[in-house]
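For reference, the structure discussed in these notes is given below.
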Amino acid sequence: MKQGTMLCYHCKKKFSVSKTKGKLLFMSAVCLLLIAANTAIMVTSENFVPVIIMLADAAVITAAIFMLPLTVRFRAEKFTKSEKREKKKEKRH
């Protein structure tokens, strides 16, 4: 699982960031949605038109690409007591 550390621009706190797990779950949900949409289009249309399926797939994939940043998970890193004291001292000065 891909993880890293990121500093918040606003509060200047460190967060651990994981991207892979969320993307994997999101992409599997998108694949299931595409399979269901393609099956529904083939069942309901009298004339099989591949252009309709391609347009529907393009619309779903485009929406999924714009939603990818929402899959990133942020967790606040836990600090020891000595690190917390140092942070408080830095804020005072």
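General observations
- Hits in region 6-45 (condition: touching a residue at least 40 places away in the same chain (Cβ under 8 Å) and polar (S, T, N, Q)): SER16, SER18
- Test set (1) at pLDDT 85 or above; (2) in contact with a helix residue (DSSP H, G or I) (Cβ under 9 Å, 6 or more places away or on another chain) - LEU70 fails condition number: (1)
- Some residue of region 82-89 being in contact with a strand residue (DSSP E or B) (Cβ under 8 Å, 6 or more places away or on another chain), open to solvent by less than 100 Å² (accessible area, probe 1.4 Å), of a type in the set (Gly, Ala, Ser) and at pLDDT below 85: no
- Meets criteria (touching a Cys at 6+ places or on another chain (Cβ under 7 Å) and surrounded by 13 or more Cβ atoms within 10 Å (Cβ to Cβ)) for PHE26: no
- Residues of region 38-65 classified as open to solvent by 40 Å² or more (accessible area, probe 1.4 Å) and closer than 21 Å to LEU25 by Cα, total: 6
The values are calculated or read from the model by the stated rules, or taken from the named source; none is laboratory data. Remember, predicted model here, so these are calculated numbers, not experimental data. Here Cβ is always computed from backbone atoms with ideal geometry, including for glycine, and neighbour counts include all displayed protein chains. Accessible surface areas use protein heavy atoms only, side chains included; no ligands, DNA or RNA. Shrake-Rupley method; radii C 1.70, N 1.55, O 1.52, S 1.80 Å.
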